[in-house]
Amino acid sequence: MIIKVCGLRDPENIRAVMGLGADMIGLVFDRRNPRYVSSIPSNVGLLPDYASIQGRDLNEDGKVARVGVFGSDMPQNIITMAYNYKLDYVQLYGKNDEIMINNLRLTLRDEICPGIKFIKAIGIADMEDVGLWRKYKNVADMLLFYPKKQYGDDVDTKFDWSLLDYYDGDIPFIISGGIGPDDVEKVLSLTHPCMAGIDINSRFETSPAVKDISLLKPFIESIRNG
C-alpha cells in the first residue's frame with residue numbers, strides 16, 4: 001500500500017513525515033492551491049527560479065519519492081520544477097492530453113530527470129469518468145482518482161469508492177479525497193487488484209501545508225500493520 005502525503009512545504013515538517021515511513025511526498029506547484037510551493041526568484045530574468053526546498057530538506061537517500069503536483073500548467077514550468085526539485089513523479093490535474101504528457105516524458109526522461117514517471121489525476125463522479133483512463137493508457141505510469149468537483153484539494157467529501165469496480169485497466173491507481181484518520185478499515189477493505197495506495201492531505205493538517213504528526217503516525221502504522 002503506497003502512502004502519499006501531499007501538500008507539504010515546510011522542511012522540518014517534510015522531514016518528520018518522511019520519518020514516519022511515507023512512500024511519497026507531494027509538492028504542489030499550482031498557484032491556486034494554499035499549499036503552493038513557491039520558488040526563490042533568480043532576479044536575472046533569464047535563468048529559472050531556484051528551488052525553495054533544498055536537497056538537504058528532502059533527504060536524498062531515494063527512499064521517499066518526490067511528486068510534483070501541477071494543474072493545467074505550461075510545459076516549460078513543469079520541466080523547470082521537475083529539474084529544480086529533482087522530482088521522481090509529475091502528477092497532472094487539468095486538461096493535459098496524452099500528446100502533451102508524452103512530449104513531457106520524452107523531454108524529461110533521458111537527460112533532465114532520468115526515470116521520471118507520470119501520474120494522471122482523473123476526477124470521478126460516475127462510471128463514465130472512470131473510463132477516461134483509456135486516454136492515458138500509453139503515457140501514464142499511475143493514475144489518481146479523486147472527487148470530480150473537488151479539484152486541487154483533499155476535502156472531506158469522498159467519491160463513491162464502489163465506482164472503482166468499473167475500472168478495467170491495468171495501470172495502477174491511488175485514490176484521494178477526504179481520507180482521514182478514521183478511514184483505516186475502509187481503506188484496507190478495498191481489494192481492486194490495481195489499487196496501489198492512497199493520497200492523504202487536508203484531514204491530517206493543523207494548517208494548510210502543515211501535517212499533524214500525531215495524527216499521521218498512528219494512521220500510517222495502522223495501514224502498515226493491516
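The values are calculated or read from the model by the stated rules, or taken from the named source; none is laboratory data. Keep in mind the model is a prediction, meaning the values are calculated, not measured. As a convention, Cβ positions derive from the backbone with ideal geometry for all residues, glycine included, and neighbour counts pool all protein chains shown. Accessible surface is based on the protein model in full, side chains and every heavy atom, while ligands, DNA and RNA are left aside. Shrake-Rupley method; radii C 1.70, N 1.55, O 1.52, S 1.80 Å.
In the range 64-77, which residue that is touching a strand residue (DSSP E or B) at 6+ places or on another chain (Cβ under 7 Å) and small (G, A, S) is surrounded by the most Cβ atoms within 10 Å (Cβ to Cβ)?
Per the criteria, the residue is G68.
Condition first: outside any helix (DSSP H, G or I) and β-branched (V, I, T). Now tell me which residues in the range 122-140 satisfy that.
I122, I124, V139, listed by residue number.
Going by the structure shown, is L8 in a loop (DSSP other than H, G, I, E, B) and at pLDDT 90 or above?
The answer is yes for L8.
Return the pairs, sorted by first residue and then second, in which the second residue is surrounded by fewer than 17 Cβ atoms within 10 Å (Cβ to Cβ), the first residue lies in the range 98-110 and is of a type in the set (V, I, T), the beta carbons are less than 9 Å apart, and the residues are 6+ apart or on different chains.
Hits for this filter: T107/P75.
Is it the case that V67 is within 27 Å of N225 (Cα to Cα) and modelled with pLDDT of 95 or more?
yes
Output the residues belonging to the range 78-108 that are touching a strand residue (DSSP E or B) at 6+ places or on another chain (Cβ under 8 Å), open to solvent by 10 Å² or more (accessible area, probe 1.4 Å) and assigned to a helix (DSSP H, G or I).
Listed by number, the residues that qualify are M81, N84, R105.
Look at the range 164-205 and say how many of its residues are in contact with a Pro (Cβ under 7 Å, 6 or more places away or on another chain) and aliphatic (A, V, I, L, M).
1
Each row is one residue, and each column tells you yes or no for (1) surrounded by 15 or more Cβ atoms within 10 Å (Cβ to Cβ); (2) of a type in the set (V, I, T).
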| residue | (1), (2) |
| --- | --- |
| K186 | no, no |
| P193 | no, no |
| I198 | yes, yes |
| S202 | yes, no |
| P208 | yes, no |
| K211 | yes, no |
| L215 | yes, no |
| I220 | yes, yes |
| I223 | yes, yes |
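Go through (1) surrounded by 15 or more Cβ atoms within 10 Å (Cβ to Cβ); (2) out of contact with any strand residue (DSSP E or B) (no Cβ under 6 Å at 6 or more places or on another chain); (3) modelled with pLDDT of 85 or more; (4) farther than 27 Å from H192 by Cα one by one and return the number of the condition I53 breaks.
The number of the failed condition is (3).
Name the residues in the range 140-178 that are at pLDDT below 95, β-branched (V, I, T) and open to solvent by less than 70 Å² (accessible area, probe 1.4 Å), would you?
Passing the criteria: only V155.
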